[in-house]
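Below is one structure, written out as structure tokens, with a few remarks after it.
The values are calculated or read from the model by the stated rules, or taken from the named source; none is laboratory data. The structure displayed is predicted, hence computed values, not measured ones. Note that each Cβ is placed from the backbone with ideal geometry, even for glycine, and that neighbours are counted across all protein chains shown.
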Amino acid sequence: METVFGIAVDGVAYGMILFIISVGLSVTLGLMRVVNLAHGAFAMVAGYVASYAAQGLGLPYVAALVVAVLLTVVATLPMEKLLYRRIYGSANELSQVLLTIGLTFVIVACINYLFGPTLKRIPLPDALLGTVSIGPKSIPAHRAFVIGMGAATILGLWWLLERTDFGIKLRAAVDDPNMAAALGIRTERLYMATFALGTGLAALGGVLGAELLPLEPYYAIRYIVLFLAVVAVGGAGSIFGSAAAALALGIVDTAGKYLIPNFGEFFFYAALILILFRWPHGFFHGRAA
Amino acid sequence: MTALLQVEGLSKNFGGLQVSSDITLDLKAGDRCALIGPNGAGKTTFVNLVTGVLAPSAGTIRLDGHDVTTLTAEARVRRGLIRSFQVARLFRSMTVREHLELAILERERKTFRIFASVRRMPGLADEIAGVMDTMGLTAVADTQVGMLAYGQQRLLEIALALALKPKVLILDEPAAGVPHSESHRILDALDRLPADLAVLMIEHDMDLVFRFAKRIVVLAQGRLLCSGTAQEIAADPRVRDVYLGSRAHAHH
Amino acid sequence: MSAVATNHTRHETARGRMTRIAMDGAAVPIMAAFGLAAFWLFPEDLGLMTRIAATALFVLSLDLVLGFGGIATLGQAAMFGTGAYAAGIAAVHWVSDPIALLAIGGVAGGLIALVTGALILHARGLTLLMLTIAVVQIVQEVVNKARDWTGGSDGLSGIDPAPVLGMFRFDMFGRTSYLFALAVLLVGYMVARRIVKSPFGLACRGVKEDQLRIAALGGSPKRYLVALYAIAGVFAGVAGALTAVTSGIVGLDSVSFSWSAEALVMLVLGGTGRLYGAIIGTVAFMTIHHILAATDPFHWMLFIGLFLMAIVLFAPGGITSAFERLFNRVKGGRA
């Protein structure tokens with residue numbers, strides 16, 4: 001029987017993974033106004049690459065992680081220029097949904113072809129296999145690591161957006177694209193960089209979260225609704241919104257699964273409807289999608 | 001005679017930014033009133049407040065004696081408060097005829113008839129033919145609006161407003177952007193507006209203002225500066241002050 | 001709205017419009033002719049063709065909300081499934097007249113649409129999309145949990161409808177099923193066309209383009225959208241009931257997010273905003289699916305995925321738009 005603490009830890013860890021993956025989706029939606037339903041597929045690809053690197057090539061965990069993130073970003077970057085750039089803007093919503101669903105299907109089919117339909121694991125290093133003590137309680141080391149990485153991501157993104165040149169330009173472009181262009185901000189470069197950032201984070205989350213979101217070819221389709229929910233609830237373009245939404249949804253979903261396992265999903269979607277009904281633009285009033 | 005439109009103490013602020021302050025204005029039947037002011041004075045904001053697109057921070061709006069301050073934009077339209085838009089705002093994929101059909105059907109509250117046929121609604125075609133004839137749009141009746149000349153689009157805007165049988169009509173820069181070769185049509189249309197209609201026109205073009213308006217109201221920095229006849233306004237030094245510097249930009 | 005949804009009228013020439021109007025008028029006779037021809041030419045495939053007819057009605061309902069109202073939804077299956085289960089449950093317990101069952105399905109679909117539409121249609125964009133997905137997932141959960149009524153994940157079976165109009169028995173070869181479905185589709189199409197050409201249809205087209213403008217004409221955008229959503233819900237519910245009546249079973253997948261997505265693909269393939277695009281898209285998609293059905297589901301996914309991307313990148317108007325352009329060119333006009 002899971003304790004409240006256990007549920008909380010699992011919920012927060014789950015929420016952190018959701019955050020790390022979804023925040024990229026939120027930022028690309030906020031900046032380029034594109035609903036990227038293939039975002040989950042990117043996370044999945046990275047997970048598979050890491051799994052192969054670790055199990056097939058024998059690379060240690062961190063190396064596999066780095067390789068997976070880099071490869072995924074490099075592979076998807078040309079797509080930004082060739083595909084995504086054609087469908088930016090909120091007027092193209094339906095085209096975006098269709099194009100990115102199509103891309104997701106293609107990726108899912110390819111992954112299945114290359115790796116087969118069975119679940120893939122990324123073996124954790126010994127350091128992450130035990131437990132970590134926080135005061136009187138102990139948490140599985142992997143969960144602690146994920147929570148830590150999530151917090152680091154929040155802080156890192158905050159620093160990136162508030163304290164760096166890139167961040168200032170990004171925020172300006174999100175707030176007022178025409179003005180930003182008029183001020184000489186090279187929006188094309190900005191889009192590429194932002195896309196890379198979003199995909200990189202998705203990749204990171206896909207690898208880190210392989211224990212919580214198991215890797216199998218339907219991953220991309222199964223979980224995209226979750227990532228979209230985080231973005232919708234948190235408000236597109238808002239880092240803190242995504243964090244709050246991801247944690248809230250992560251905890252609600254985990255609690256639902258433990259406490260009322262028969263109605264878990266119902267609970268989640270009902271909560272989603274209620275939240276979106278009350279806050280149609282998300283918690284932190286992100287840009288209306 | 002009671003005013004058709006009574007605006008009292010209308011104010012709007014966005015956070016700390018006060019865009020409209022304490023505007024009070026009355027329009028009676030048959031009024032021809034022009035609202036002028038330098039760029040940024042808050043004219044279009046005022047129109048948005050009166051028509052219900054924006055919610056005021058303070059003040060009341062009464063239409064024909066009824067308080068409409070909390071009503072939606074469409075509810076105000078149904079009570080006879082009609083506006084045209086500063087930049088022609090039409091349904092690009094619909095034809096001129098379809099626009100007028102829609103306006104008249106809305107006016108008659110027939111738009112929820114899901115099994116009726118628009119083509120066969122009695123009287124509709126005749127009324128539309130009349131309006132198009134008056135506005136000189138008969139030749140382009142079945143052309144999609146997206147393909148019309150801008151002057152014709154502005155004429156359609158006015159035609160739509162009139163088709164709704166307004167009590168109070170607010171025209172937001174009706175001649176703006178229309179090349180001189182086409183603007184006479186609009187001026188003619190304005191001359192022929194029903195006599196008992198209360199009209200408020202926002203304009204920058206002073207020739208049009210002096211020709212059209214019996215009363216002029218000047219807005220500056222969100223406040224009502226002064227109001228009066230054309231001669232009074234032209235002579236008022238405050239008005240000249242407010243326009244000094246922006247006079248050079250007022251004519252396009 | 002995206003190029004996919006406002007494909008046909010941006011800059012239509014007079015000739016282009018005439019082509020579209022001509023195709024529109026000819027649609028019902030052509031559909032009837034093709035439908036009957038298929039009945040004689042492919043007696044072995046009546047089951048598939050029945051499913052195509054019922055699905056076409058479903059996709060038609062989606063065209064009403066998306067093509068004519070601009071509502072981007074991935075939850076239309078909620079209405080379809082509700083109609084299917086309502087008809088199925090009624091058939092198993094109380095009612096056996098097939099037309100009554102269709103009516104039950106339509107009312108059920110319409111009610112669900114009315115209630116959920118009133119709740120969610122103030123939202124736009126991604127939020128609205130999420131809400132429609134959430135609704136269909138919840139309905140699926142409810143259906144799944146109410147095993148006693150719906151059979152849960154095993155599905156509902158034992159639907160045994162009485163003869164149509166008391167005269168035409170549902171025979172084991174599927175002939176009655178197919179002709180019944182074809183008739184319902186044609187009637188549904190004519191009703192939909194009537195609605196689209198009505199004052200209501202005109203107002204909805206306005207709402208789709210510019211809600212503020214509609215408000216400035218005195219119309220309430222939300223009221224139109226909710227009404228349209230409810231009407232489309234009736235169509236979807238009838239389509240669901242038709243599927244239940246003609247196939248005898250109802251499964252959980254009839255109220256799933258992926259079924260909504262499939263309908264969307266079929267509609268986009270055919271072309272939105274024309275009604276006959278929904279029919280063409282459904283026929284094309286399901287025929288191809290049937291031909292490739294023997295292959296591995298992942299091959300199908302690859303094909304669909306590439307296909308979707310190709311449509312968006314190269315032919316956003318779908319089959320009908322490409323065809324219209326071709327037709328224009330052949331007739332000598334500008335495309």
Flagged in the stretch C:171-187 as within 18 Å of the chain's Cα centre (by Cα) and surrounded by 24 or more Cβ atoms within 10 Å (Cβ to Cβ), in numbering order, are C:Tyr178, C:Phe180, C:Ala181, C:Leu185
Within the stretch A:137-154, the residues that are within 10 Å of A:Met16 (Cα to Cα) and either in a strand (DSSP E or B) or not basic (Lys, Arg) (or both) are A:Val146, A:Ile147, A:Gly148, A:Met149, A:Gly150, A:Ala151, A:Thr153, A:Ile154
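Would you kindly identify the helices (runs of 4 or more DSSP H) lying entirely within the stretch C:38-154 that contain at least 2 residues that are away from every other protein chain (no Cβ under 11 Å), touching a residue at least 40 places away in the same chain (Cβ under 8 Å) and polar (S, T, N, Q)? Give the steps one after another, and end with the answer.
On the way: elements: C:46-67, C:77-93, C:98-120, C:125-145, C:147-150.
Where helices (runs of 4 or more DSSP H) fall fully within the stretch C:38-154 and carry at least 2 residues being away from every other protein chain (no Cβ under 11 Å), touching a residue at least 40 places away in the same chain (Cβ under 8 Å) and polar (S, T, N, Q), they are C:46-67.
Got a sec? Which helices (runs of 4 or more DSSP H) wholly within the stretch A:198-289 have at least 3 residues that are more than 25 Å from A:Gln96 (Cβ to Cβ), more than 17 Å from the chain's Cα centre (by Cα) and touching a residue at least 12 places away in the same chain (Cβ under 8 Å)? So that I can check it myself, show each step before the final result.
Details: elements: A:219-234, A:239-259, A:264-278.
The qualifying helices (runs of 4 or more DSSP H) are A:239-259.
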Among the residues in the stretch A:67-74, are any touching a strand residue (DSSP E or B) at 6+ places or on another chain (Cβ under 6 Å), crowded, with 24+ Cβ neighbours inside 10 Å and modelled with pLDDT of 90 or more? no
When the stretch B:79-102 is checked residue by residue, the ones that are under 13 Å from C:Arg205 (Cβ atoms), surrounded by fewer than 24 Cβ atoms within 10 Å (Cβ to Cβ) and more than 8 Å from chain C (Cβ to nearest Cβ) are B:Thr95
Going by the structure shown, is A:Gly116 modelled with pLDDT of 85 or more and crowded, with 23+ Cβ neighbours inside 10 Å? no
The condition from (1) more than 9 Å from chain C (Cβ to nearest Cβ); (2) surrounded by fewer than 18 Cβ atoms within 10 Å (Cβ to Cβ) that B:Arg119 misses is numbered (1)
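Taking the conditions exactly as written (farther than 22 Å from A:Ala244 by Cβ and within 24 Å of the chain's Cα centre (by Cα)), does A:Pro177 satisfy them or not?
Working: farther than 22 Å from A:Ala244 by Cβ: yes; within 24 Å of the chain's Cα centre (by Cα): no.
Considered against the rule, which asks whether it is farther than 22 Å from A:Ala244 by Cβ and within 24 Å of the chain's Cα centre (by Cα), A:Pro177 comes out as no.
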(message) Within the stretch B:179-187, does at least one residue satisfy the condition of being of a type in the set (Lys, Arg) and closer than 18 Å to B:Ala34 by Cβ?
(response) no
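Which residue, of C:Val312, C:Val265, C:Val255, is of a type outside the set (Asp, Glu) and over 30 Å from A:Tyr84 (Cα atoms)?
None of the other options fit; the residue is C:Val255.
Out of curiosity, is C:Gly206 farther than 13 Å from C:Ala77 by Cα, in contact with a Lys or Arg (Cβ under 8 Å, 6 or more places away or on another chain) and not charged (D, E, K, R)? Spell out how you get there, then give the answer.
Working: farther than 13 Å from C:Ala77 by Cα: yes; in contact with a Lys or Arg (Cβ under 8 Å, 6 or more places away or on another chain): yes; not charged (D, E, K, R): yes.
Answer is yes for this residue.
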Scanning the stretch A:79-109 for residues that are within 7 Å of chain C (Cβ to nearest Cβ) and more than 28 Å from C:Arg124 (Cβ to Cβ), the one nearest to the chain's Cα centre (by Cα) turns out to be A:Val108
Requiring at least 3 residues that are away from chain A (no Cβ under 14 Å) and in contact (Cβ under 8 Å) with a residue 24 or more places away in the chain, the helices (runs of 4 or more DSSP H) wholly within the stretch C:264-335 are C:276-291, C:318-330
The residue that is farthest from B:Ala29 (Cα to Cα), considering only those in the stretch B:106-125 that are in contact with a Leu (Cβ under 7 Å, 6 or more places away or on another chain) and not charged (D, E, K, R), is B:Val118
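Here is a yes/no grid of residues against (1) surrounded by fewer than 24 Cβ atoms within 10 Å (Cβ to Cβ); (2) under 25 Å from C:Ala261 (Cα atoms):
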{"position": "A:Ile185", "(1), (2)": "yes, no"}
{"position": "A:Phe195", "(1), (2)": "no, no"}
{"position": "A:Leu201", "(1), (2)": "no, no"}
{"position": "A:Phe227", "(1), (2)": "no, yes"}
{"position": "A:Ala232", "(1), (2)": "no, yes"}
Quick count over the stretch B:147-190, residues being within 14 Å of chain C (Cβ to nearest Cβ) and on the phi < 0 side of the Ramachandran plot, is 19
Looking across the stretch C:189-208 at residues that are within 8 Å of another protein chain (Cβ to nearest Cβ) and among the basic types (Lys, Arg), the single one that is surrounded by the most Cβ atoms within 10 Å (Cβ to Cβ) is C:Arg205
If we ask which residues in the stretch B:178-209 are more than 22 Å from B:Leu224 (Cα to Cα) and touching a strand residue (DSSP E or B) at 6+ places or on another chain (Cβ under 7 Å), their number turns out to be 2
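I'm trying to understand the selection: among the residues of the stretch B:160-202, which are acidic (Asp, Glu) and either farther than 15 Å from B:Phe85 by Cα or free of Cβ contacts under 8 Å to residues at least 40 places away in the same chain (or both)?
Scanning the stretch B:160-202 gives B:Glu182, B:Asp188, B:Asp191, B:Asp196.
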Exactly one of B:Leu105, B:Leu137, B:Leu124 is within 13 Å of chain C (Cβ to nearest Cβ), among the hydrophobic types (A, V, I, L, M, F, W, C) and within 21 Å of the chain's Cα centre (by Cα), and that one is B:Leu105
Residues of the stretch B:33-46 being part of a strand (DSSP E or B) and either farther than 19 Å from B:Pro166 by Cα or in contact with a helix residue (DSSP H, G or I) (Cβ under 6 Å, 6 or more places away or on another chain) (or both), in sequence order, are B:Ala34, B:Leu35, B:Ile36
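Would a scan of the stretch C:256-274 turn up a residue that is in contact with a Lys or Arg (Cβ under 9 Å, 6 or more places away or on another chain) and under 29 Å from B:Val145 (Cβ atoms)?
yes
With respect to A:Gly116, is the statement that it is on the phi > 0 side of the Ramachandran plot and within 14 Å of another protein chain (Cβ to nearest Cβ) true?
Values: on the phi > 0 side of the Ramachandran plot: yes; within 14 Å of another protein chain (Cβ to nearest Cβ): yes.
Yes, satisfied.
Criterion first (within 10 Å of chain C (Cβ to nearest Cβ), more than 26 Å from C:Lys197 (Cα to Cα) and of a type outside the set (Asp, Glu)) does B:Arg76 satisfy it? If you could, list the steps in order and put the result at the bottom.
Numbers: within 10 Å of chain C (Cβ to nearest Cβ): yes; more than 26 Å from C:Lys197 (Cα to Cα): yes; of a type outside the set (Asp, Glu): yes.
Considered against the rule, which asks whether it is within 10 Å of chain C (Cβ to nearest Cβ), more than 26 Å from C:Lys197 (Cα to Cα) and of a type outside the set (Asp, Glu), B:Arg76 comes out as yes.
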If you go through A:Gly30, A:Gly15, A:Gly58, A:Gly47, the only one that is surrounded by fewer than 24 Cβ atoms within 10 Å (Cβ to Cβ) and of a type outside the set (A, V, I, L, M, F, W, C) is A:Gly58
The correct count of residues that are within 13 Å of another protein chain (Cβ to nearest Cβ), closer than 27 Å to C:Tyr189 by Cβ and not in a helix (DSSP H, G or I) in the stretch C:209-249 is 1
